[in-house]
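Below you'll find the structure, written out as structure tokens, and then a few comments.
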Amino acid sequence: MTRLVQLSAKEFREHAATAAGIYGAAMRRSPEVVVQRRDIITAHCSHPGFAAAAAVDDAGELVGFGYGY
């Protein structure tokens, strides 16, 4: 079962690589763009007011996400 959780900027930063991979798969981006997106996601985590919601599976693995600041 998938569940929705809220993550702090610190918690979400730990999942930046996985989130970038999900983005890449959803948007059909090249591996090079996925690496760039990982760096962008990591930078976004430092913005004031950052908030993230994540969908995680039974194993606690990130399977979807949304964030803003």
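Is it the case, given these coordinates, that residue 3 is open to solvent by 80 Å² or more (accessible area, probe 1.4 Å) and under 10 Å from the mean Cα position of the chain (by Cα)? Step through it out loud before you land on a result.
Details: open to solvent by 80 Å² or more (accessible area, probe 1.4 Å): yes; under 10 Å from the mean Cα position of the chain (by Cα): no.
So residue 3 fails the test.
If I filter the stretch 43-54 for residues that are at pLDDT below 95 and among the hydrophobic types (A, V, I, L, M, F, W, C), do I get at least one hit?
First, the residues of the stretch 43-54 that are at pLDDT below 95: none.
For the stretch 43-54, residues at pLDDT below 95 and among the hydrophobic types (A, V, I, L, M, F, W, C): absent.
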#### Entry: Number of positions in the stretch 18-29 that are over 19 Å from residue 69 (Cα atoms), out of contact with any strand residue (DSSP E or B) (no Cβ under 8 Å at 6 or more places or on another chain) and part of a helix (DSSP H, G or I)
5
### Query
Considering 9, 25, which residue is among the aliphatic types (A, V, I, L, M) and surrounded by 14 or more Cβ atoms within 10 Å (Cβ to Cβ)?
9
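Of everything in the stretch 36-69, what is part of a helix (DSSP H, G or I) and surrounded by 15 or more Cβ atoms within 10 Å (Cβ to Cβ)? Give them in sequence order.
Filtering the stretch 36-69 down to residues part of a helix (DSSP H, G or I) leaves 36-44.
Selection gives 37, 38, 41, 42, 44.
The values are calculated or read from the model by the stated rules, or taken from the named source; none is laboratory data. Please read all numbers here as calculations on a predicted model, not as lab measurements. Cβ coordinates were reconstructed from backbone atoms using ideal geometry, including for glycine residues, and neighbour counts include every protein chain displayed. Note: areas computed on protein heavy atoms with side chains; ligands, DNA, RNA excluded. Shrake-Rupley method; radii C 1.70, N 1.55, O 1.52, S 1.80 Å.
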